[in-house]
Structures are given as C-alpha cells and as structure tokens.
Amino acid sequence: MSPRPLAPERIRRLDCLPAALFVAIMLTVSGARAQMAAAAAAATPPAPAASGPVPAAPTDAASSLERVRASYEYGDIDDVVEWSRPVAEGRLEATPAQRALALRYLGIGLYLTGRAPGAEAAFFELLRLRPDTVLDPRTTRPDVVTFFERVRTGHAQEIKESVNKHKTFIWNFIPPVGQFQNGHTARGLLVGGIELASLATAITSYALLKSWEQPHHEFVGHPNAGTLKVVNFVSIGVLAASYFYGVLDGIGHYNDLPDESRVSFAPNGVTVRF
C-alpha cells in the first residue's frame, strides 16, 4: 500500500518547526548567560575605596615653597601655581626672600599654563621687590626667560620709581654703602675691599712709624723708616681716591636700576659682572 501524501497545511507546520526551535534555544541560552553574569557580579567583592589621608594645605611659607619646588621638579605646573599663590599674595606670612621666590615660581607657572597676563603681573611684582632678579636659562625654558626680560623692559620706568622710593641719597657719601644701595654689588665689594685694605695699611704703617720715632721726630738708626713713610703716604692716597670714586659713582648711578653689576655663585666658580 502506498503511503498517504501529507496535507499541504501539515507541510507548512513542519517547515516552521526548526525556526521556532532555534528561537527557543537562543532565548534559553541568553537567559542562562544573564543568570551567570548576575551570579558573578554578586560573588565579586566591591572595589575598595581609596584610602590614605589627603595632604593638608601648608600653613607656613617654608612648607608651601617646599611643595612648590617638588611640584616644579616633577613637572606638575598646576600645583606650582596653586601652592605658590598663598605666599606670593601675602596670605601666608613670609620673608621678602620667600615672597620673591614664590612670585618667581608663580610667574613661571602662570606663563607655562597659558596665563600670560597673570604671569606678567607676578613678574612685575617680583621686579619691584627684587629688581636685580634674573632667570637662569639653564634651568628655565628660553621662552619664559624671554618673556621675563620683556616684562623688565616694558615696566622699566615703574620699576625704577619703585626702587628709588627705598633709597636714601645721603648713603652715596658713605661708600661702599651707596654702591650696595644702587644694587651694584660687585662694585661695592671692590670699593669696600680697597678702602679696607688701604685703611689697614695706613694705620699699621703709621703705628710702626710712631713706635720707631725718636725725640725731635727723627728715625735714627732704623733702615726701614723711609720705605714705611712712602707706604703710609701711598695707602692714605689710595684710601682717599677710593673714597672719592665711591662717592662719585654712587651719585652718578643713583637712578640706575640695580642690574648692571652682579656677583653670582655657581658650581663652576664665582662670576663678577660690572
């Protein structure tokens, strides 16, 4: 007996069976994966919260500047600006040297972070406080050094007026005080050294001459008396010449900005510039 052929509607139901079975299997697999992910998430312990104390803000100028130096060495310029501000702006009590250092770091930090107007204001205040300040090109980027010198040139008149407010003209008649007041450190050391040496020589030679002196101001029998007289006269002349030079130099450079002569100490030696 030949088999009965299937009806057309039963054929269509059989054709749809594999597709329905595939959908059911996929739904079952997706549900299993979701349950496994939820179980894994529940078993995983939560990430520990960040621990450790947050560094406290410095309460004095010295500690603030230490943090500024460390940030500058590590290249964290934002922290350089943040920690130098309290000292530079006077919110922390500081010595003039500490404030000058803070202004220097603040100006550099503001310039490197694209805030040139703020950097100009910081550098200008630094030059008013310490007109002889220079930035070392070996440790500071060339563009920062150029910008700093441009600030010095652009505000030269204001800086000069600020410097002269703290000067006293009478000190020019007491060299080398006048040279130091004008900011000419190397020149002041030179004038002061010559004055001190010539004064000591004049006093010593005069004392020896007096000890050798005989009645009627004669130096009978002492072979070095004549030479010592010459040394005494020369030393007095050098002392007088150095004094008058110091007075004239102090008066002549009274209105100068104190950046013409400088003594700087470096690992390779001492540099003296007039």
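The values are calculated or read from the model by the stated rules, or taken from the named source; none is laboratory data. Since the model is a prediction, treat every value here as computed from it, not as a measurement. Note that each Cβ is placed from the backbone with ideal geometry, even for glycine, and that neighbours are counted across all protein chains shown.
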Check your understanding: If we only count helices (runs of 4 or more DSSP H) wholly inside region 71-179, which ones have 3 or more residues that are of a type outside the set (Ser, Thr, Tyr) and closer than 30 Å to residue 252 by Cα?
Key -> 96-112, 116-129, 142-154, 156-164
Practice item. From 201, 168, 185, 227, grab the single residue that is out of contact with any Phe, Trp or Tyr (no Cβ under 6 Å at 6 or more places or on another chain) and modelled with pLDDT of 95 or more. Key: 201
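To keep it simple, each residue is scored yes or no on (1) more than 17 Å from residue 75 (Cα to Cα); (2) surrounded by 19 or more Cβ atoms within 10 Å (Cβ to Cβ); (3) touching a strand residue (DSSP E or B) at 6+ places or on another chain (Cβ under 7 Å).
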site	(1), (2), (3)
110	no, yes, no
117	yes, no, no
123	yes, yes, no
138	no, no, no
144	no, no, no
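Based on what the data block shows, is residue 110 among the aliphatic types (A, V, I, L, M), assigned by TED's automatic domain parsing to the domain that holds residue 90 and closer than 23 Å to residue 183 by Cβ?
Values: among the aliphatic types (A, V, I, L, M): yes; assigned by TED's automatic domain parsing to the domain that holds residue 90: yes; closer than 23 Å to residue 183 by Cβ: no.
No: the conditions fail for residue 110.
Is there a residue in region 188-210 that is within 21 Å of the chain's Cα centre (by Cα), in the same structural domain as residue 242 (by TED's automatic domain parsing), part of a helix (DSSP H, G or I) and under 30 Å from residue 235 (Cα atoms)? Spell out how you get there, then give the answer.
Kept after step one, since they are within 21 Å of the chain's Cα centre (by Cα), are these residues of region 188-210: none.
No - not one qualifying residue is present in region 188-210.
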